[in-house]
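Okay, so here's the structure we're looking at.
Read-outs throughout are calculated quantities, based only on the coordinates presented, and are distinct from any laboratory measurement. Everything numeric here is computed off the predicted structure, so don't read it as measured data. Every residue, glycine as well, gets a Cβ built from its backbone with ideal geometry; the counts of neighbours run over all protein chains shown.
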């Protein structure tokens, strides 16, 4: 059998196109309710959930039991503009945006709540009102002004929040000459807002906003900080499987940080539902023997803890690597899992809530990899011998066969074969070659022919070929039987007709003994005279992932298993002989494009 070993030298140039699928998709919401105490008159509110799924007219204006009539959004000025005293809400074109109920007849400059923002809220009620805002939690994110006042809130524990004196005792930048103002309720005036002096008796209530002028440069939200790539939280989407989160000690003493996974609340009407918390793994230590990482399950009700050394010392910051166990996510592709990563500290001061979501992956798309043939089935005959160890001959003059050994035996050197598999989401196909590039509409496509690519953009297109498979001008894929995925089995047959001048290795078009023609070069000979028909039955047995962090988290993007192939050579009168080879294979998902474009 003629073949060329697969070469992956194309990958460095091909990678930018192939890896486009790694870009995360849109984040999905994980829901949590914030209960905010609104006093009669004016109350300062800090919102740390994203409730932009609905307008204020819907969230507040349509609720006849909600006494809030006006909401003013603080929009911080550029850094060079210093706010020296607490600001009162003024008409738009200042640093305030406003919303008002339609019944007031006022013009509103915004109609959607902005997360990580401070507000002044006016209640027409004569008693306190608990405003419950359902949204997606967002981690703290605020740029402090060191020269003026900042209008913001702190992510303290919702139950039994610390008093200001205890809270700022761990932050030197908030001690000494720091000024804090709060709104006690009622009308705005000389006593509202009021400067805070009773630090010991005033709790740092979550959801309440304060005007704060720090004594020095400050970025303190609590004893620790959580660093994530996006304020939208941890979104694995359908492709990502690992995510790193930074934890930093912001104090001069040891801090123990705990992580709990909690369930999302029910989503509001019109928003996607979810199937529960994602199956998360926490990466452990590296096994230096086999270079795999241990892991522990991050489950609801079981906390993970870390002790952070004082700020500036070794061990004051760590990286927590989370993984998604995609192997156990066997639901319908696209199904949503969602929850909340809740970080707390040993002082009982702070609670940082980070949303986490994941969608069930699909195996649809283009997969490219290698098979390595490491064994060939033997066909060794054992002949009968006499007492003198001489071969015994039968009555027809032939040696007598007593047994045939057909066990697999190792080859002297592994033989590589390239594999190209495309899955449309329901069915998988084996390909001899595939083309990846842009069509004339500048859309990225996976195709069976170069003719469907944009001729002006062929410089960025790529062709991948499996030279060991039979070439045909139509490049018709061979359909697999079975499912592409961990634990699945795929089987297909690639035929090489005995008279296929392009691919059959027994044919040599210009050699008179191997051209399938008689002595006059006018009549085609039957199968078996000069060439043989070949059928290659290829089976991929996909094994479950290994029980380690990397294997479990990459189960939807990398597959491996056992490679089996039966090569059947057919001759005269239908006589045939099988040759079996085996080995291992790996496949990597190179593109999520599920459509295979054909001419």
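Computed quantities for the displayed model
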quantity: Answer label, with Cα Rg over 2.2 N^0.38 Å calculated from the coordinates and candidates (i) 1.39; (ii) 0.93; (iii) 1.00; calculated: (i)
quantity: Burial order of peptide ranges 262-270, 340-348, 53-61 (average beta-carbon count within 10 Å, highest first); calculated: 340-348, 53-61, 262-270
quantity: Theoretical gain in end-to-end length, residue 296 to residue 332 [0.36 nm per residue, Cα-Cα removed]; calculated: 10.4 nm
quantity: Gain upon complete extension [residue 126, residue 481; 0.36 nm per residue less C-alpha separation]; calculated: 120.6 nm
quantity: Label-point separation in nm, residue 163 to residue 57, each point 7 Å along Cα→Cβ; calculated: 4.7 nm
quantity: Among 31-40, 361-370, the order from most to least packed when residues are scored by Cβ within 10 Å on average; calculated: 361-370, 31-40
quantity: Inter-site label distance for residue 415 and residue 598 at 7 Å from Cα along Cβ, in nm; calculated: 3.0 nm
quantity: Full-stretch length increase - residue 197, residue 146 - with 0.36 nm per residue and alpha-carbon distance subtracted; calculated: 16.3 nm
quantity: The stretch 32-213: relative contact order as a whole-number percent, Cα under 8 Å and 6+ apart; calculated: 34 percent
quantity: Distance in nm between pseudo-label sites at residue 265 and residue 379 (7 Å out along the Cβ direction from Cα); calculated: 7.2 nm
quantity: Residues of the stretch 113-137 with amide N under 11 Å of a point placed 7 Å along Cα→Cβ from residue 37; calculated: 128-130
quantity: Mean Cβ neighbour count within 10 Å, used as a protection proxy, ranking 189-200, 214-225 highest first; calculated: 214-225, 189-200
quantity: The stretch 486-514 residues near the modelled residue 521 label - backbone nitrogen below 17 Å, point 7 Å along Cα→Cβ; calculated: 508-514
quantity: Mean separation of Cα contacts under 8 Å, 6 or more apart, over the residue count of the stretch 535-599: relative contact order %; calculated: 32 percent
